[in-house]
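Just below is one structure, and these are the notes that go with it.
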Amino acid sequence: MLFETFTYEHLNDSQFLKEFQSLKVKEQFLKIELLDFNENPIQEIQGKCITGTLSIDGASSMRRTCSFSMLADEETYDITNIDNILSLNKKFKLYIGYTNSLSEYSHYGEKIWFPLGVFVMTTSSINNSANGGNISINGKDKMCLLNGEVGGTLPAPVVLHEKYVRNADGS
């Protein structure tokens, strides 16, 4: 699957951002870029944002958390696929996007995307309705991989640096 590469030139254009912010009506979208363990993109899912929150707390060790629901586009995600790769403990990049209705800035694209960060999926659910595929996800920043919240805990001391080898004779 090919992924679009974004340069985010619009983030450095203060005049565009000022005009864009002053728009009264904006159609809001979400994009999830599912990542492998090395944070390479696996799959991209786009859709209309139904609800969502993004919390940023600089005083907490868990600085960013997100919770959102979106109606997935059929072009970017097949919700009925049995090999669905949305699963817990998967990393994802989250983007929020808006329809670009400013004709003088059409060179920035049909949708304007803003990166929100990399998160680890803590809960997810997928529902199929008459309106389409509804995806709900809660995520936390990568700190949850270090504090045991997502990775789990070992119930007793475990030695991880030793290697046991079993010979062909069973010894």
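Details
- Within the range 53-62, being touching a residue at least 40 places away in the same chain (Cβ under 8 Å) and not hydrophobic (A, V, I, L, M, F, W, C) holds for one residue alone: Ser61.
- Close pairs (6 angstrom Cβ cut-off, 6 or more residues apart or separate chains): under 22 Å from Asn38 (Cα atoms) in the range 145-169, at pLDDT below 75 and open to solvent by less than 100 Å² (accessible area, probe 1.4 Å) anywhere: Leu145/Gly151; Val150/Asn89
- Of all residues making up the range 135-153, the number that are modelled with pLDDT under 90, open to solvent by 40 Å² or more (accessible area, probe 1.4 Å) and either in a helix (DSSP H, G or I) or touching a strand residue (DSSP E or B) at 6+ places or on another chain (Cβ under 6 Å) (or both): 3
- Selection count where residues are at pLDDT 85 or above, under 20 Å from Gln43 (Cβ atoms), surrounded by fewer than 17 Cβ atoms within 10 Å (Cβ to Cβ) and in contact with a Leu (Cβ under 9 Å, 6 or more places away or on another chain), scope the range 72-116: 1
- For the range 59-71, taking the residues that are open to solvent by 60 Å² or more (accessible area, probe 1.4 Å) and more than 21 Å from Asp36 (Cβ to Cβ), the one that is modelled with the lowest pLDDT is identified as Ser61.
The values are calculated or read from the model by the stated rules, or taken from the named source; none is laboratory data. Small disclaimer: the values here were computed from a predicted structure and weren't measured. Cβ atoms come from the backbone with ideal geometry, glycine included; neighbour counts cover every protein chain shown. Side chains included, ligands, DNA and RNA excluded: accessible areas come from the protein's heavy atoms. Shrake-Rupley method; radii C 1.70, N 1.55, O 1.52, S 1.80 Å.
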